[in-house]
Amino acid sequence: MSVIIQIIQGDITALSVDAIVNAANNTLLGGGGVDGAIHLVAGPELLQECAALQGCDTGDARITGGYKLPAKHVIHTVGPVWQDGRHGEPDLLASAYHRCFEIAHQHNLKSIAFPAVSSGVYGYPMRESVVIALSSAKEAISMYQELERIIFVQFSEAAQQIYLEAASRLGV
Ligand code: AR6
């Protein structure tokens, strides 16, 4: 089956998919940005489940329920804080995306939506992070037969343009 990759502008918390990805921090106890938005819509039970996980390493991910979100699950991943690109940031970001797809596979999830992990508060330049995001999707498609839909969700028009340009450049 051919996989649909969608690049859309909007609010990830509104999507009815098997899983939305949260750009979380090591505590998994919430924060600002997309993390704050997800917890706000999901409700306090999400925080309770997250607290029991006792954190997550950078470059790793954890799955929870979606509670009041339209999405069935949330996959919380922790991307790297951008320093200068020479402190392992590309490998850690690739690992974060890779782990999200791996966990989705372990739960037989068919549709997954990603925000631009690390490219908000954590400062990862989007022109660089988008290449890692799209490459990880290509790799996952070749590995996981059950995948049907991968959505990249941008909050701003500027970010959406960066994603669209990268997708056409990379042939995604
Ligand atoms: N839907 C889609 N994208 C969004 C939404 C939304 N509702 N809200 C923000 N974005 P960020 P990070 C975009 O800062 O850089 C938190 O406090 C946003 O415009 O959410 O990985 C965590 O607790 C940006 O392009 O995540 C951590 O402490 C992208 O999502 C820290 O921020 C990611 O921005 C993680 O920082």
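The values are calculated or read from the model by the stated rules, or taken from the named source; none is laboratory data. If you're wondering where the values come from, they're calculated on a predicted model, not measured in any experiment. Reconstructed Cβ throughout: ideal geometry from the backbone, glycine too, with neighbour counts over all protein chains shown. Accessible surface areas use protein heavy atoms only, side chains included; no ligands, DNA or RNA. Shrake-Rupley method; radii C 1.70, N 1.55, O 1.52, S 1.80 Å.
Residue 71 passes every criterion in (1) of a type outside the set (Ser, Thr, Tyr); (2) open to solvent by 60 Å² or more (accessible area, probe 1.4 Å); (3) within 23 Å of residue 14 (Cα to Cα); (4) part of a loop (DSSP other than H, G, I, E, B) apart from (2). Looking only at region 119-164, which residues are touching a Gly at 6+ places or on another chain (Cβ under 7 Å) and assigned to a loop (DSSP other than H, G, I, E, B)? Across region 119-164, the qualifying residues are 120, 121, 122, 124. Of the residues making up region 80-129, those that are within 15 Å of the ligand (Cβ to nearest atom), touching a strand residue (DSSP E or B) at 6+ places or on another chain (Cβ under 8 Å) and within 28 Å of residue 157 (Cβ to Cβ) number 12.
Please pick out the residue among 39, 98, 107 that is touching a Gly at 6+ places or on another chain (Cβ under 6 Å), modelled with pLDDT of 95 or more and either surrounded by 17 or more Cβ atoms within 10 Å (Cβ to Cβ) or farther than 18 Å from residue 119 by Cβ (or both).
On the way: 98 fails: touching a Gly at 6+ places or on another chain (Cβ under 6 Å); 107 fails: touching a Gly at 6+ places or on another chain (Cβ under 6 Å).
Selected residue: 39, the only one of 39, 98, 107 that is touching a Gly at 6+ places or on another chain (Cβ under 6 Å), modelled with pLDDT of 95 or more and either surrounded by 17 or more Cβ atoms within 10 Å (Cβ to Cβ) or farther than 18 Å from residue 119 by Cβ (or both).
Could you identify the single residue in 51, 116 that is modelled with pLDDT of 95 or more and either in a helix (DSSP H, G or I) or more than 21 Å from residue 135 (Cα to Cα) (or both)? I'd like the intermediate steps shown before the answer.
Values: 116 fails: either in a helix (DSSP H, G or I) or more than 21 Å from residue 135 (Cα to Cα) (or both).
Matching residue, one of 51, 116: 51.
The C-beta contact set for region 21-44 (first residue assigned to a loop (DSSP other than H, G, I, E, B), second residue polar (S, T, N, Q) and near the ligand (Cβ under 8 Å from one of its atoms), distance under 7 angstrom, 6+ apart or interchain) comprises 31/25.
Taken as a whole, the condition of being crowded, with 18+ Cβ neighbours inside 10 Å and at pLDDT 95 or above does not apply to residue 149.
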